[in-house]
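Report on the structure given below.
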Amino acid sequence: MGVRSALRKELMGLQDSSLLAADDVRALLTQTIKSQPEKSEQGFALISRFNDNHSQLSSGETNKEKLLQHQTHRLFKDILYTRQSVNSWLKKHLN
């Protein structure tokens, strides 16, 4: 993680929070894929699916992944995902 994104997360107050930035979700997905090498192909497809959904949300379209609950940070306008929804989304698609 770069200095800029680390500072941005600190300013947003995401440490020990129930919210995850898109980079955090991608890191969690990557970590999950590495822990389950037999599902690597499915995991990479899931990362691609998340990236597509995040891009659509960033451009103002509706959320196509209904399990992924999100909100927009008031100051930075970043899209943040709830940790619980990310975990349930992962569980649904990797099991």
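The values are calculated or read from the model by the stated rules, or taken from the named source; none is laboratory data. Because the structure is a prediction, the values reported are computed rather than measured. We place every Cβ from the backbone using ideal geometry, glycine too, and count neighbours over all the protein chains shown.
Are there any pairs with C-beta distances below 8 angstrom linking a residue in the stretch 60-82 that is within 12 Å of Phe50 (Cα to Cα) and touching a residue at least 60 places away in the same chain (Cβ under 8 Å) to a residue that is among the hydrophobic types (A, V, I, L, M, F, W, C) and loosely packed, with under 10 Cβ neighbours inside 10 Å, with the two at least 6 apart or on different chains, and if so which?
Between residues of the stretch 60-82 that are within 12 Å of Phe50 (Cα to Cα) and touching a residue at least 60 places away in the same chain (Cβ under 8 Å) and residues that are among the hydrophobic types (A, V, I, L, M, F, W, C) and loosely packed, with under 10 Cβ neighbours inside 10 Å, there is no close pair.
For residues that are over 12 Å from the mean Cα position of the chain (by Cα), crowded, with 16+ Cβ neighbours inside 10 Å and either outside any helix (DSSP H, G or I) or aliphatic (A, V, I, L, M) (or both), tally how many sit in the stretch 58-95.
Looking only at that region, the number is 1.
If I filter the stretch 1-17 down to residues being among the hydrophobic types (A, V, I, L, M, F, W, C) and surrounded by fewer than 17 Cβ atoms within 10 Å (Cβ to Cβ), which single residue comes out as farthest from Gln84 (Cα to Cα)?
Val3
Step by step: first the residues of the stretch 33-59, then only those that are of a type in the set (A, V, I, L, M, F, W, C) and touching a residue at least 24 places away in the same chain (Cβ under 8 Å), then the one that is farthest from Leu20 (Cα to Cα). Which residue is that?
The qualifying residue farthest from Leu20 (Cα to Cα) is Leu46.
Check Leu20 against each of (1) of a type outside the set (D, E, K, R); (2) surrounded by 13 or more Cβ atoms within 10 Å (Cβ to Cβ); (3) at pLDDT 90 or above; (4) in a helix (DSSP H, G or I) and name the one condition it does not meet.
Only one criterion in (1) of a type outside the set (D, E, K, R); (2) surrounded by 13 or more Cβ atoms within 10 Å (Cβ to Cβ); (3) at pLDDT 90 or above; (4) in a helix (DSSP H, G or I) is unmet by Leu20, namely (4).
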